[in-house]
Amino acid sequence: MGTRVVVLQVLRQKLNYVPNSTSIPVQFKTCKASNLPSSLSCRLLCSVSNLTPSLLQHNKRNSAELSLRSLLDMGFTEYQAEQLYDSVSRMKGGNAAKHVLSTLSVLFVLGLNPTTVHKLLDKCPELYTVKDVQLQQRITQLRHLGLVEGSLQRTVSHYPKILTVPMKSVKSVVQFLREKCLFTTQQVAEILRDSPAVVLEDLDQLEYKFQYVYFRMGVKQAEMVKCRLFRFSLDNVRCRHTFLERRGLYQTPDKKGQTTIINPKLDGILNVDEGTFTADVAQASPEEYDVFQKLLAREWKEEEFEHGSIESYSEDDEKEEEEEEDNEEEEETRGKSGYNKKKKK
Amino acid sequence: MGLFLDTSRVILSRVKDLRALTSKRHRVKGKWAATHPKQPPTRMALQHFDATYSAQLGALWPSIRVALLSERKYGALLNHFSHNLDVEELQAQGCKDFISNGEGKLHTASKRKLHDNLLLRSAPSPLRLSPNIRCLVFPRGDITRFRPARPDKFGLLSYYLLDAASILPCLALDVQESHTVLDLCAAPGGKALVLLQTQSVRFLCANDLSVSRTSRLKRVLQSYVPKALLTDDKLRITSFDGTIWGEIERNAFDRVLVDVPCTTDRHSLMEDDNNIFSRSRVGERRSLPQLQAELLLAGILATCPGGDVLYSTCTLSANQNQAVVQQAVQLAEEQHGIQLQVISLCPLAQMFSNTFHFAPNLHLGEMVIPHLAANFGPIYLCKLRRLT
């Protein structure tokens, strides 16, 4: 019953901008979903997911033009409608205007209200260029990955960029997280929900970050997901951890997972602002952390340069002082290649 | 029962792969480690320091630890014998001479005292420093590196890069006009070069046990000091064992600098080469305090009565610092009847407190501790005056 109400609402909005010349038989109130005459209006009564392709056809057939009136009818306020109209008009290429309405309708079908949709498009104007078919496919993919109703809408409204990413990249990231990092499907869904920006990250960087936290910091997958590790940049994580490590406040667990001291929790390291981290967790002055960040940035730059030049040498270059081979035990707990610990602690 | 156990043991020892299937009660560990796992010397050093210094330094240790493990900060000792535009360039980048800064600080402080003091008698600075030494450093928190010095038209380099805190022992030594100076462990030559910069030394004797390091010392001096000042009547470089100096020359020098070999904390944590914490050098490391006390005693014997001895190391360990000084003073009194007075270096620490971090509450001598914003040191110094 609820779906029918929604369908009716959308239908009403859609029908409003159909040019007056076309007349649609007002039969839909009495039709049932199962045995319908193949008329346009009845097709519109079918399940919500079928609505979009039929709307598409509807739009194509009627070649609806974007206008302030149509936007207002969709439910936007005057101010929002004006803004949308302006930004679409400014977009290059005439295609934007044609597809915008269908794109907007997909977003509405998702369950977002007009204010949210407006904010979304403001945040991410690239959405205008996404075809509605693609948009729908991507939303379906996210649903299959475990982003259920509620969290899906929240994720999309907070990070609309996720819908501009092609399905292949999302698939490769998810595959990487599941197969190489050994996250469970539920954990992957949580990662997508909490840190959707992970789909845009470079896979090498992602791998390095995971390996760093898993081996060097000795943190397992469950904790990584709980404290939203993938929201933070690699440099941030490395800098804070190295500061603690060099101060002697964080130890890499040995092969049995033991340390001499109690390591601070990953949550307590990452999810605090710099001031609290420096004062409470590291027990240092802000000046020290500032200088340390600069020193570390320089160290990394030089390491990158060194690694770049080592790769260009042949195998008889033995001076790879940076890396030590990992224990065999750690290979058992990991899917594939192990992370190499650095010599300097 | 015994037969059953024997057979089961035989079966189990052959079927190692079924480890998971045998109950814990019957599992046998076949291979036992014969040696400790191999660890690089730097890691051994870090473990050793964590154990000793967390107790000795307490809450200061984490800050010192992170500074020791990060890149050190250098100072540029200016060479008075060379003329180059490098110096102006450095100053344009923001370097300042920390010694004149310190002296300036002292002047304003004493002027204020004068002002407050109702009596016209001014309080002279109780500590004299060696003159003419200038060393540029980048400001606090600035991590810019120095470029290597370039030779001028005479082939002399314009500045020498060293840990700025290493200059403090030479300053504290207070070399005055026409003094004879002995540097008992001179190589690789930084401190000897600083002493020559004072241009007050009548005769410098630079000694080091190792011949290879002595030749390096020669090279350093030749790159910085014109040949005219390196003649035999002004400079003597020797390769004797410093501990026997007491038998060679007694009561001969006005000033003696004893910069003993130590565990060189910073070097031991960062470099594996030539590291005193490597397994082959355990005996050498354990006998360091003994060697250091002998060297200091020899230095004391070589000083004229009324002369000064300065003991310095580059380690934080109280075992190699205060303990050694106390032992040497005691030995000098017991074995040779020599009375020594400890000269407080507190004014020096106050003068340079803007540039360096000094360890608080040291009952004997002063120590520069590393800190990320001022990553100099560690340097320990203690000044003794020979009374008899």
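Bear in mind that the values in this text are calculations on the coordinates, not laboratory data. For clarity, every value in this text was computed on a predicted model and none was experimentally measured. Virtual Cβ from ideal backbone geometry, glycine too; neighbours counted across all protein chains shown.
By how many nm would the segment from B:Q350 to B:H107 lengthen if fully extended, with 0.36 nm per residue of separation less the alpha-carbon distance?
Once the chain is fully extended between B:Q350 and B:H107, it gains 86.3 nm.
Going by how many other beta carbons lie within 10 Å of each one, how would you line up A:V100, A:V130, A:V148, fewest first?
The most exposed by this proxy come first: A:V148, A:V130, A:V100.
Would you mind giving the mean number of other chain beta-carbons within 10 Å of the Cβ of each residue in B:56-66, as a whole number?
Partner-chain Cβ atoms within 10 Å, mean over residues of B:56-66: 4.
Taking every DSSP beta bridge with both residues inside chain B, roughly what % is antiparallel (nearest 5)?
60
With r defined as the distance between the Cβ atoms of A:K220 and B:D273 and R0 fixed at 45 Å, what FRET efficiency is calculated, to the nearest 0.05?
In this case the efficiency is close to 0.75.
To the nearest 10 degrees, how steeply does helix B:211-224 sit against the main Cα axis of chain B, on a 0 to 90 scale?
Relative to chain B, helix B:211-224 is tipped by roughly 40 degrees.
Pop out the ³J(HN,Hα) list for segment A:275-290 in order, Karplus 6.51 cos²θ - 1.76 cosθ + 1.60 with θ = phi - 60°, rounded to Hz; leave Gly and Pro as x.
Here the 3J(HN,Hα) series is x, 5, 4, 5, 7, 8, 6, 8, 6, 10, 8, x, 4, 4, 5, 4 Hz.
Excluding A:H144 itself, calculate the net charge of residues whose Cβ lies under 12 Å from the Cβ of A:H144, where each Lys or Arg counts +1 and each Asp or Glu counts -1.
Summing Lys and Arg as +1 and Asp and Glu as -1 gives +3.
Non-local amide H neighbours of B:L182 (under 5 Å, H modeled in plane, Pro and chain starts lacking H): which ones?
Counting only residues 5 or more places away or on other chains, the set is B:C205, B:R255, B:V256, B:L257.
What ranking, highest mean first, results for peptides B:319-325, B:32-38, B:208-214 when packing means the other Cβ atoms within 10 Å averaged over each residue?
Result, highest mean Cβ count within 10 Å first: B:319-325, B:208-214, B:32-38.
Under 15 Å from the Cβ of A:D122, count the other residues' Cβ atoms, weight Lys and Arg +1, Asp and Glu -1, and hand me the total.
Residues near A:D122 contribute +1 overall.
Hey, what did segment B:278-385 get for relative contact order, percent, Cα under 8 Å, at least 6 apart?
Relative contact order for segment B:278-385 comes out at 31 percent.
Between the helical axis of B:322-336 and the dominant principal axis of chain B, each derived from Cα atoms, what acute angle in degrees is found, rounded to the nearest 10?
Value to nearest ten degrees: 70.
At 7 Å along the Cα-to-beta-carbon direction for both B:A20 and A:D86, put a label point, then send me their distance in nm to one decimal.
6.6
What average number of partner chain Cβ atoms lie no more than 10 Å from the Cβ of the residues making up A:284-292?
5
How large is ³J(HN,Hα) for each residue in segment B:53-58, as worked out from phi by the Karplus curve 6.51 cos²θ - 1.76 cosθ + 1.60 (θ = phi - 60°), to whole Hz, x for Gly and Pro?
Result, rounded to whole Hz: 7, 5, 6, 6, 9, x.
Which distance in nm do the two modelled labels at A:H158 and B:R219 give, with both placed 7 Å along the Cα-to-Cβ direction?
For A:H158 paired with B:R219, the spin-label model returns 6.1 nm.
Helix B:288-302 versus the longest principal axis of chain B: what is the Cα-based angle in degrees, 0 to 90, to the nearest 10?
Helix B:288-302 and the main axis of chain B meet at about 20 degrees.
Scan around B:I343 for amide H atoms under 5 Å from its own, H built in the peptide plane at 1.01 Å from N, and keep only partners 5 or more places away or cross-chain.
It is B:K383, B:L384, B:R385, by chain and number.
Averaged over its residues, how many other protein chain Cβ atoms are within 10 Å of peptide B:367-375's Cβ atoms?
The shielding value for this peptide is 3.
Starting with the highest mean, order A:229-240, B:196-207, A:190-201 by the number of other Cβ atoms within 10 Å, averaged over the residues of each peptide.
Listed from highest to lowest mean packing, they are B:196-207, A:190-201, A:229-240.
How high is the FRET efficiency from B:N251 to A:H307, r the C-beta distance, R0 51 Å, rounded to 0.05?
It comes to 0.30.
Among the listed pairs A:K301/B:K73; A:K123/A:K301; B:K227/B:K383, which are separated by more than 23 Å between their Cα atoms?
Flagged as over cut-off: A:K123/A:K301; B:K227/B:K383.
Just from its helices, what would the mean residue ellipticity at 222 nm be for chain B, if runs of 4 or more DSSP H residues each count -39500 (n - 2.57) and the sum is divided by every residue, rounded to the nearest 500 deg cm²/dmol?
Result for chain B, helices only: -11000 deg cm²/dmol.
With θ set to phi - 60°, apply the Karplus curve 6.51 cos²θ - 1.76 cosθ + 1.60 along segment B:190-202 and write out the HN-Hα couplings as whole Hz, x wherever there is a Gly or Pro.
x, 5, 4, 5, 4, 4, 5, 5, 5, 6, 10, 8, 6
Let me check against my output: what whole-number percent is the relative contact order of segment A:66-183, with C-alpha pairs under 8 Å and at least 6 apart?
23
Of the cross-linked pairs A:K119/A:K209; A:K255/B:K31; A:K294/B:K218; B:K38/B:K191, which ones have a Cα-Cα span greater than 26 Å in the structure shown?
A:K119/A:K209; A:K294/B:K218; B:K38/B:K191
Given a Förster distance of 45 Å, report the FRET efficiency between A:D267 and B:S280 from their Cβ-Cβ distance, rounded to the nearest 0.05.
Efficiency computed from Cβ-Cβ geometry: 0.50.
Could you tally the net charge around B:G299, taking each other residue with its Cβ under 14 Å from the Cβ of B:G299, Lys/Arg +1 and Asp/Glu -1?
-3
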